[in-house]
Each structure stands twice: as C-alpha cells, then as structure tokens.
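The structure appears right after this line, and notes come after that.
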Amino acid sequence: MSTPSTTAYVLRGVRPYGTDPVDVVLADGVVAAIGAPGTVEVPGGATEIPASGQVLLPGLVDLHTHLREPGREDAETVFSGTRAAAAGGFTAVHAMANTTPTQDTAGVVEQVYRLGQEAGWVDVHPVGAVTVGLGGERLAELGAMADSAARVRVFSDDGKCVHDPVLMRRALEYVKAFDGIVAQHAQEPRLTEGAQMNEGIVSAQIGLTGWPAVAEESIIARDVLLAEHVGSRLHVCHLSTAGSVEIIRWAKGRGINVTAEVTPHHLVLTDELARDYDPVFKVNPPLRTAKDVEAVREGLADGTIDIVATDHAPHPVEDKDCEWASAAFGMTGLETALSVVQQTMVDTGRMTWADVARVLSENPARIGRIDGGQGRAIAVGEPANLTLVDPDATRAIDGRSQVTASDNTPFAGMELPGRVVATFLRGRATVLDGAVVESTGTGSVTLEGAAR
Ligand SMILES: [Zn+2]
C-alpha cells in the first residue's frame, strides 16, 4: 500500500492553516504546486476537488491510540482502527502497548507494524511496553524494540502506571541511547484503589469511590524530577487536572525536557456527566471538574500542553453497556478529536488553525520521532500527508455510524462542528467526500462511512 499513487489532485480555493485561498496540486505523492487560484499548472487527468472555504492541515498524528490487536479483535483491529483514524483526518497513529500478548518484544511490535502497513490507512507506529507484560517488575526489551523493523521510540505501560521509581529511572536512562521517550500513565496505584470517577462533590453525592487529583499530580511531579535527574525525555499521557498543568508549567520553566498531552474529552466533558451512571463517561483518567477543563484549555493554548492525543479506547458493547462499577474504562476518539478541538479551541478564539496543526500533527510527530514525512509543513516538495476540513459543516454524532468497530463515543447525540472532507497519505486519498476510500488494488471504490 506504500506505492506512490499515480492519481493527481488539485484542491481549488483551499485555505492552508486557515489562511488565504490557494490552489494546491498533489502529484507523485508530494505537494507539487501551491499558487493563487487559477494560476497553478495542473497535470492532465488530475481530480478536481472544489475546496472553497475549507482548511488544509498537515495530516494529523496521534500519539495515543489503542488498536486492540492482537488480543481484543472484538473491540477493534489494526484495520478497523486505522480506517477510523483516516476518517478522523489522521495519517499516522501510535498504537499503545496494552495488547494481548503485550507489545513488549520485537516480535509483537513488528507484527503490529506489519498489520498497519498491510491495512494502508495510516502509518502505524507501535508503542513498546516499558515493563514485561505491563507487570511493573522487569524492564521489557526496549533496545530490541528500538532496533526492530518497527523502530520503536515511544515506550509506555499505558493503562498502568510505572509506579516503581527505580524502574522508571532505569527506563528513562535506557531510552536515551536511541533518543526514545517514556510516556507515563500517571496514576498512583494505592491512591486510586477501587476508584471509579473523579474524587469531588459529584463522587460524594452519587456514592462512587473517588480518584483524587493528587494521584495523578504526585506521579507527574516525581517523574519530571526523575527526568531532570537523569537528563532524559519524559512524556506525560492524558493529563487531566489543573494541578498537573501547573506542574508541567513549572517543569518547563525549569528547563526540564517534558512534554504533555490532553485528550479531546478532557477538553470538554466534566464529572457532572457521571450523575446518570452512564458508563460511556467512565474513563481513565476520569472526567474532572469545570475548573480543570478550563485549566487544560488554557495550558493547551499557551503551549504548556504540547499535544492533543485521542486515547481512542474502543470497547465492545458488553464491556460498556453494564453497570458503572463493572464497565471498562475508555472512550473512542479518533473520529471526533478534530471537531472537539475546533469547538473548544478554534471556535472560541483561543487557537488558530496553525495552532491546531502544531498540537495535532507537528508536535506529536516530533515527540514520537517518526519519519514518513509526517508532521511537516504544507510546502512544495513535501510528502502529501494532508487533511482537508470543512469547518462550517456540523455533524450529529452517532456511535453506530462511526467507522471504528466500537460504539463507545461519549459524544453520541451531540452536534459537533467541522467535518473531515479528505485525507491524503503520501498523495493517496484515504478519505474523499467525507467517506473512506476502499483501495482494491485495481482502482478504488468509495464506501459510506457507515459501512463496516
Ligand atoms: Zn492511559
């Protein structure tokens, strides 16, 4: 699927990063020309895409996706998850390590990497586990995963916290050899035993065990100090509290090499949604308070938080459609991330589309140290990894009509702004007219997004 497309496209009247309209030509897998409308040379046979008013962004890059394969193909597969990613405007994703078997050896990460290549929707970069089986006791074969065909640079026990400070220190030291990074799921395990939701007024009122902000913040505080001590890179997954933003701000001010992510759902949803005990809102880390939502928006706008990452966590119906206490943690997010960022950050005037490109493409590509021309500027000669967005469209979100194999979107029944019109992976359209493009090898047919 990595063969360059022979198809050329001309995007008419498109606005790169939301700026003035231009025509953009894609040919031979790269951006071939950019010029004032009507002035560019268009190759014969190029497909015309009227894109007046639409915004062109570098292809989105997710640093935090759960593709569930191997092991939980009932929730998602590499194929279905990366197809959903393309539908959401992504051209690369990092596949988290908590699969079964765990992505803790060169063999397993190479398997996931190859499945991604075969699927061909986006570039798949497997994340390697920090500890064997996510057990938190022995370091996994970090070097072997780094040297493998999958070229792993991001290591995480996500879903679990590397809570042993000695192991965390060793991991931070080890990954320096190949410019890797440890992505920490910051959750102090003893402080969150049996926790079901954010600890606060709502948890007290509805009688669910609370998850205190300090359980997240204490690990982040420890880890930024460890990263400083050993001189390594640290990435903080899905931070969710005002205090966590403060700690990252302090650490960056001190010159510590730390980056941080926030999820779309933590940019907009609060723990008030737990009042009806609907497990679609059960997630790890939990939805927090309106004050925390405001703090993460502010942190994202001022650059304290580097990226938005989806934490796309698909679950089959039987794992979510049950009582709160026994339901799985997690929500889908690949197909709604860009809309949530538009709604919370762009439409509110807090960020420009260039900022969106920074937090959803350039920074995650840089943090993940990925190649393949991801997260690059929209410029002539660059690989055509691109996302075309109609910011004026609105969408009614419905779990069943999404491309992901799972239905657990917290935005079901809501209207969100913006729609991904097209996604290009090295010049080949994976999404056109808002629907995923099925490549047959002999041509292509377009299926509706609803088809799965
Ligand atoms: Zn996590």
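The values are calculated or read from the model by the stated rules, or taken from the named source; none is laboratory data. Keep in mind that this is a model prediction, so the values were computed, not measured. Reconstructed Cβ throughout: ideal geometry from the backbone, glycine too, with neighbour counts over all protein chains shown.
Some notes on this structure:
- Helices (runs of 4 or more DSSP H) contained in segment 297-396 and holding at least 3 residues in contact with a Pro (Cβ under 8 Å, 6 or more places away or on another chain) and in the same structural domain as ILE181 (by TED's automatic domain parsing): 337-341
- Test for HIS229: is it within 14 Å of the ligand (Cβ to nearest atom) and in the same structural domain as TYR277 (by TED's automatic domain parsing): no
- Test: residue in segment 36-53 that is within 22 Å of SER156 (Cβ to Cβ), in a loop (DSSP other than H, G, I, E, B) and in contact (Cβ under 8 Å) with a residue 12 or more places away in the chain: no
- Criterion: over 30 Å from GLY116 (Cβ atoms), in contact with a strand residue (DSSP E or B) (Cβ under 9 Å, 6 or more places away or on another chain) and away from the ligand (no atom under 16 Å from the Cβ) - qualifying residue of LEU172, LEU208, LEU139: LEU208
- PHE281 under 25 Å from GLU415 (Cα atoms), assigned by TED's automatic domain parsing to the domain that holds ALA87 and surrounded by fewer than 19 Cβ atoms within 10 Å (Cβ to Cβ): no
Okay, residues lined up against (1) within 16 Å of the ligand (Cβ to nearest atom); (2) at negative phi; (3) surrounded by 24 or more Cβ atoms within 10 Å (Cβ to Cβ); (4) within 17 Å of the chain's Cα centre (by Cα):
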{"residue": "ALA150", "(1), (2), (3), (4)": "no, yes, yes, no"}
{"residue": "SER156", "(1), (2), (3), (4)": "yes, yes, yes, yes"}
{"residue": "MET168", "(1), (2), (3), (4)": "yes, yes, yes, no"}
{"residue": "ASP179", "(1), (2), (3), (4)": "no, no, no, no"}
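- With respect to (1) within 16 Å of the ligand (Cβ to nearest atom); (2) in contact with a strand residue (DSSP E or B) (Cβ under 9 Å, 6 or more places away or on another chain); (3) touching a residue at least 24 places away in the same chain (Cβ under 8 Å), the lone exception for THR192 is condition (3).
- Residues that are touching a residue at least 60 places away in the same chain (Cβ under 8 Å) and within 16 Å of the ligand (Cβ to nearest atom) are absent from segment 83-91.
A quick yes/no check of all residues on (1) without any contact (Cβ under 8 Å) to a residue 12 or more places away in the chain; (2) within 16 Å of the ligand (Cβ to nearest atom); (3) basic (Lys, Arg):
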{"position": "ARG222", "(1), (2), (3)": "no, no, yes"}
{"position": "HIS235", "(1), (2), (3)": "no, yes, no"}
{"position": "ILE256", "(1), (2), (3)": "no, no, no"}
{"position": "THR263", "(1), (2), (3)": "no, yes, no"}
{"position": "LEU273", "(1), (2), (3)": "no, no, no"}
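- Residues that are in a loop (DSSP other than H, G, I, E, B) and among the hydrophobic types (A, V, I, L, M, F, W, C) are absent from segment 17-28 altogether.
- Given (1) touching a Pro at 6+ places or on another chain (Cβ under 7 Å); (2) under 21 Å from GLN184 (Cα atoms), number of the condition PRO70 does not satisfy: (2)
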